[in-house]
Amino acid sequence: MSGVRLRNELYPLGFLGIILLDTLFKQWVVYFYAPPDARLAPGGTASALGSAKGIGVFLLIGFLLQALASPWVGQISDRLRTPFGRRRPVILLSLPVLALSFIATWQGWAPSWIAVPAYCLAFTLVAGPYLTLLPSLATTEKTRIRMSLTGAILALVGLGCALMGGPRLIERYGYGALAWVGLAGLGLTLLPATLLLKEAEPEGEPAPGGLAGYARELKEVAAVPGLLRFLIANGLLQGGFAALVIAAPYITEALLREPAAETERLNSGLFVGMLVTIPLIAVTAHRLRSGGQIRTAAATGALTLLVLGGLSVLGASETPAPLRWAVGFFLLGLPAMAGMALPPVILAAFADADAKDRQGAVFGLNGAAINLGNGLAAIGTTAFLDLGKTAAEPTGVRGVVLGVGLAFLLAAIVFPATPAPPPEPEGKPEPDPTSAPPPLSGSSRS
């Protein structure tokens, strides 16, 4: 293995920091500004801490900014030509902004209406280009699946640290500690990985610039067969999990009647379920092409949440509630892990099907779809929570659980088959990112 390829094996490391940071933010930002026992201030303003829907509006603004920025950043990075690559300069320039906005949220350096949207926008400027690196670091499906699964495992480590450590960290040190843990995660994972990676030289001329070229390119990419269905389904799946992560502390207090710090139990069930799912995804990799893997995962999540929500509405008490919900969150590990590991591989296949070296546009459209899903999840979840988020009145929390179950069910129905990979000549090794690109014109490619 060449030195460059060895350095590129660091790519999955970045997922640990990305997921650690974003999970801490998504799970606790609404609860931080609107805990269950908070009351609305005069006028019901969100800044007064009490209106979950008010914070949901700020999240919606942030996710809409992400949705608008994702395809634009992807298209810009497709056209970028620098000695340091196409994606890495965007990531490195945006990383300080992301770190500052995350710290400002928990330290109170800026009001919520500035800190929350600023974090969302900065996050997509870092995470979007980083995800888009995969096709230029690995050109075969086998290598992409390996890198994606490794990234998912490391992301799982970050997720576990956030889910199980976050509640105890807040209980012991307060919300301000989240800022420094998230910052350390970025500095130890994403930053060194980005600095050391080597992107393959792009083939062909950059796509036309300008607003007209931008719109035309996105329209062409969106027309790739099956891509639009995938974007809708993935937006539903990822948005559903965003809603579930936001609601978890409220589920603990309102439905399990335990302190928010005990959210760790639900989070632990989810984490263990994801661990168990890793070999299952590897063994059933042959079903990736048909879309069977991700559809089965989404259907499993739908059934689990509809049963949990239905039993809660009916007031079932045969099974102790904490055990029932812990088992449910364990089963949710399947769609959570599938939603983390499979989309990058599937998107890379769609980018190959486009055949015009526009990975940034493909991944950017996916980012837009996810962020639209997250935005709708944020405003929908917080609107439900304002209907009732306490043990005395848990109606809104139950509504979130059932709503996410329906979103997962729709995703399972909509997910399409994955495009077939281009044929690979026998015995041809994967291209070395350091090798010179093929001629643009005037000669045939070897």
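The values are calculated or read from the model by the stated rules, or taken from the named source; none is laboratory data. Bear in mind the structure is a predicted one, so any value in this text is a computation, not a measurement. Note that each Cβ is placed from the backbone with ideal geometry, even for glycine, and that neighbours are counted across all protein chains shown.
Picking from Ala299, Ala242, Ala223, which residue would you name as being under 28 Å from Phe63 (Cβ atoms), in contact (Cβ under 8 Å) with a residue 40 or more places away in the chain and surrounded by fewer than 24 Cβ atoms within 10 Å (Cβ to Cβ)?
Ala299
Which ones in the range 156-176 are in a helix (DSSP H, G or I) and free of Cβ contacts under 8 Å to residues at least 12 places away in the same chain?
Arg172, Tyr173
Got a number for residues in the range 144-159 being surrounded by fewer than 21 Cβ atoms within 10 Å (Cβ to Cβ) and under 28 Å from Pro35 (Cβ atoms)?
Adding up the residues that qualify gives 0.
Quick check on the range 188-219: of everything there that is in contact with a helix residue (DSSP H, G or I) (Cβ under 8 Å, 6 or more places away or on another chain), assigned to a helix (DSSP H, G or I) and not hydrophobic (A, V, I, L, M, F, W, C), which residue is modelled with the lowest pLDDT?
Per the criteria, the residue is Tyr214.
So which residues in the range 312-331 are over 22 Å from the mean Cα position of the chain (by Cα), outside any loop (DSSP other than H, G, I, E, B) and either over 15 Å from Arg398 (Cα atoms) or modelled with pLDDT under 90 (or both)?
Ser312, Val313, Leu314, Ala321, Pro322, Leu323, Arg324, Ala326, Val327
Considering every residue within the range 273-296, establish whether at least one is in a helix (DSSP H, G or I), touching a Phe, Trp or Tyr at 6+ places or on another chain (Cβ under 9 Å) and of a type in the set (Val, Ile, Thr).
Scanning the range 273-296 turns up at least one residue that is in a helix (DSSP H, G or I), touching a Phe, Trp or Tyr at 6+ places or on another chain (Cβ under 9 Å) and of a type in the set (Val, Ile, Thr).
Go through (1) touching a residue at least 40 places away in the same chain (Cβ under 8 Å); (2) under 28 Å from Gly56 (Cβ atoms); (3) surrounded by fewer than 24 Cβ atoms within 10 Å (Cβ to Cβ); (4) more than 16 Å from the chain's Cα centre (by Cα) and name the single condition Ala417 misses.
(2)
In the range 38-68, which residue that is under 30 Å from Ala361 (Cβ atoms) and among the small types (Gly, Ala, Ser) is modelled with the lowest pLDDT?
This residue is Ala67.
Checking Ser101 against (1) surrounded by fewer than 24 Cβ atoms within 10 Å (Cβ to Cβ); (2) part of a helix (DSSP H, G or I); (3) of a type in the set (Ser, Thr, Tyr); (4) at pLDDT below 90: exactly one of these is not met. Which one?
So the condition that Ser101 fails would be (4).
Can you tell me which of Gly85, Gly62, Gly151, Gly128 is under 20 Å from Gly17 (Cβ atoms) and part of a loop (DSSP other than H, G, I, E, B)?
Gly85
Quick check on my filter: what residues within the range 111-122 are hydrophobic (A, V, I, L, M, F, W, C) and either farther than 30 Å from Arg144 by Cβ or surrounded by fewer than 24 Cβ atoms within 10 Å (Cβ to Cβ) (or both)?
Hits for the range 111-122 are Trp113, Ile114, Ala115, Val116, Ala118, Leu121, Ala122.
Starting from the range 108-126, take each residue that is of a type outside the set (Asp, Glu) and list its partners that are outside any helix (DSSP H, G or I), counting only C-beta distances under 8 angstrom and pairs at least six apart or across chains.
From the range 108-126, the pairs are Ala115/Trp109; Ala118/Ala110.
Looking at (1) over 14 Å from the mean Cα position of the chain (by Cα); (2) part of a helix (DSSP H, G or I), find the lone condition where Trp109 falls short.
It fails just one condition, (2).
Does Phe241 qualify as being at pLDDT 90 or above and over 30 Å from Leu387 (Cβ atoms)?
Answer is no for this residue.
Please enumerate the residues belonging to the range 380-413 that are in contact with a Ser or Thr (Cβ under 6 Å, 6 or more places away or on another chain) and under 20 Å from Arg229 (Cα atoms).
none
Out of (1) at pLDDT below 90; (2) assigned to a helix (DSSP H, G or I); (3) under 26 Å from Pro259 (Cα atoms), what's the single condition that is false for Asn366?
Status for Asn366: all satisfied but (3).
Out of all the residues in the range 134-142, is one or more in contact with a Gly (Cβ under 9 Å, 6 or more places away or on another chain) and under 30 Å from Thr252 (Cβ atoms)?
no
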